[in-house]
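S.K.: Handing you this structure, nothing more for now.
Throughout, read-outs are computed from the coordinates displayed, never taken from laboratory work. None of these values were measured; they are calculated from a predicted model. All Cβ positions, glycine included, derive from the backbone under ideal geometry; neighbour counts span all protein chains shown.
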Amino acid sequence: MTTLERARALDAADALRGFADEFDLPAGVIYLDGNSLGPPPRRALARLRDAAETDWRRGLVRSWNDADWIDLPARAGAKIARLIGAASEDVIVCDSVSVNLFKLAAALAARRPGATLAVDAGEFPTDQYVLEGVARMTGAALTRLDGRAPPKNSVLVQSLVHYRSAEILDMAAAEQEAAAQDFDIIWDLSHAAGLIPVDVRGAGARFAVGCGYKFLNGGPGAPGFIYVARGDADAMAQPLSGWMGHAAPFDFAGAYAPAAGVRRFAAGTPPILSLCALDAALDIFDGVDLGALEAKARALGDFFLGATEGLGLGVHALPERRGGHVCLRHAHGYEIMQALIAHGVIGDFRAPDLMRFGFSPLFLSFEDVSNAAGVLADILSTEEWRRPEFSRRGKVT
Ligand SMILES: Cc1ncc(COP(=O)(O)O)c(C=O)c1O
């Protein structure tokens with residue numbers, strides 16, 4: 001059996017293959033970057049048009065009530081809650097991951113006098129940078145862990161799925177350790193939400209943030225989400241105490257009184273058009289088995305690794321339990337990725353030498369992956385990547 005024949009056989013047996021019709025991908029593109037920016041779901045595009053043409057253009061300011069814009073952060077949050085195992089009222093959509101991390105880390109540091117902020121040195125940069133800012137502001141110490149356990153009385157920021165290795169951590173085991181050693185964990189679910197089953201309640205996780213524009217397909221700059229377990233939220237004061245987190249914003253009272261629960265983590269007016277797109281995109285997940293998504297992403301990644309095995313590329317890490325991407329390594333990874341993109345195979349590049357390929361299970365087929373591997377093989381054998389235009393660096397890689 002050829003690689004392509006094997007791919008077609010796997011596609012024929014794939015229970016998720018119908019979901020590809022949900023997405024509006026351009027012809028001739030094999031999109032291996034849904035882990036960075038999910039492609040547009042048809043229902044999100046339709047909702048965007050409707051939100052602009054009907055709710056904004058005709059409804060005007062009345063749409064805050066008539067289209068219930070005001071409760072959209074909580075409604076979309078409830079849809080995400082189902083994907084991460086949270087109670088529906090414990091998640092809201094707001095701000096970016098960076099801002100949500102800031103609010104949570106500052107609030108938790110304030111609750112723990114003398115706390116240390118902790119983050120792994122290989123963690124996604126914004127998670128480290130935000131903690132640096134919180135440390136400067138609060139005077140808390142910041143420690144970068146290098147595989148070491150966090151100190152007692154600390155606030156740890158930790159990705160559930162790592163942005164380079166795609167390693168999936170054991171959330172329940174980490175929370176047991178946190179309880180025993182007296183530290184809090186803020187989970188960054190950016191590469192996990194909408195891809196793998198997450199059960200924050202079952203694992204005892206109380207704080208999390210995550211991205212709306214990756215596997216949740218909410219669109220460029222879609223707002224992120226924040227989860228705080230109810231028992232904790234009511235006892236927390238977040239530093240961006242804006243009017244949208246007030247118990248009664250339209251009382252226009254002089255003093256701040258926080259809303260109950262996680263709603264107090266809202267700050268200012270939500271980006272309604274983006275939120276509408278995300279809210280519609282989330283409906284795709286209705287009734288979807290997240291275990292099946294994880295399994296297919298893994299199988300697509302394994303297929304890609306098998307099909308690219310003899311090409312002389314390094315493989316970054318291959319953890320036992322892996323999320324939705326794999327990274328191949330080459331000193332000219334940037335140029336090779338640009339050549340791939342020129343051929344319609346879109347992945348991304350992470351300095352210094354990683355070509356990252358994402359395997360969003362909702363819209364990719366094994367045939368796509370087989371074809372992508374074929375294009376990569378051609379680019380390497382012809383050395384087409386050496387063409388000067390492929391070494392020109394864009395601002396975004
Ligand atoms: C793990 C992780 N955390 C945070 C972010 C950034 O989030 P935001 O731009 O919403 O602040 C990313 C973006 O790729 C990410 O991969």
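S.K.: Taking the Cα centre of the chain as origin, work out the dipole magnitude from +1 charges on Lys and Arg Cβ and -1 charges on Asp and Glu Cβ, in debye rounded to 20.
M.R.: 780 debye
S.K.: Restricting the count to DSSP beta bridges whose residues both fall in the chain, what percent are antiparallel, rounded to a multiple of 5?
M.R.: Antiparallel bridges: around 50 percent, rounded to the nearest 5.
S.K.: Now, a different point. At 0.36 nm per residue, and after removing the present C-alpha to C-alpha distance, how many nm does the segment from residue 342 to residue 153 gain when stretched out fully?
M.R.: 63.0 nm
S.K.: Moving on to the next point. Rounded to two decimals, what is the ratio between the C-alpha radius of gyration of the chain and 2.2 N^0.38 Å?
M.R.: 1.02
S.K.: While we're on this one: Taking the Cα centre of region 68-285 as origin, work out the dipole magnitude from +1 charges on Lys and Arg Cβ and -1 charges on Asp and Glu Cβ, in debye rounded to 20.
M.R.: The dipole of region 68-285 has a size of about 260 debye.
S.K.: Roughly what % of DSSP beta bridges within region 68-285 run antiparallel, to the nearest 5?
M.R.: DSSP beta bridges in region 68-285 are roughly 35 percent antiparallel.
S.K.: Now for a separate question. Could you work out the relative contact order of region 68-285? I mean the mean sequence separation of Cα pairs under 8 Å and 6+ apart, divided by the number of residues, in percent.
M.R.: The normalised contact order for region 68-285 reaches 24 percent.
S.K.: Is the shape of region 212-333 best called rounded, prolate or oblate, per the rule: a/c under 1.5 gives rounded, else a/b larger than b/c gives prolate, else oblate, with a ≥ b ≥ c the square roots of the Cα gyration tensor eigenvalues?
M.R.: The shape class here is prolate.
S.K.: Computed over the Cα atoms of region 68-285, what is the convex hull's projected area averaged over all directions, in nm²?
M.R.: Projected area, direction-averaged: 11.2 nm².
S.K.: Sticking with this structure for a sec: Given DSSP loops and a limit of at most 14 other Cβ atoms within 10 Å, what is the longest stretch of the chain that contains no such chymotrypsin sites (Phe, Trp or Tyr not before Pro)?
M.R.: Counting at most 14 other Cβ atoms within 10 Å as exposed, the longest clean stretch of the chain is 1-251.
S.K.: A follow-up question, please. Return the equivalent ellipsoid semi-axes of region 106-164 as a descending list in whole Å, where each equals the square root of 5 times an eigenvalue of the C-alpha gyration tensor.
M.R.: Computed over region 106-164, the values are 19, 12, 9 Å.
S.K.: How about region 293-397: which GluC sites (Glu not before Pro) there lie in a loop by DSSP and see at most 13 other Cβ atoms within 10 Å?
M.R.: Counting only loop positions with at most 13 other Cβ atoms within 10 Å, the GluC sites (Glu not before Pro) in region 293-397 are 320, 383.
S.K.: Given an 8 Å cut-off on Cα distances and at least 6 residues of separation, report the relative contact order of region 1-83 as a percent.
M.R.: 17 percent
S.K.: Hey, with R₀ at 30 Å, roughly what FRET efficiency would residue 321 and residue 15 work out to, going by the Cβ-Cβ distance, to 0.05?
M.R.: 0.90
S.K.: Further question on the same structure: Whole angstrom only: what separates the Cα centroid of region 83-124 from the Cα centroid of region 172-245?
M.R.: For region 83-124 versus region 172-245, the Cα centre distance is 6 Å.
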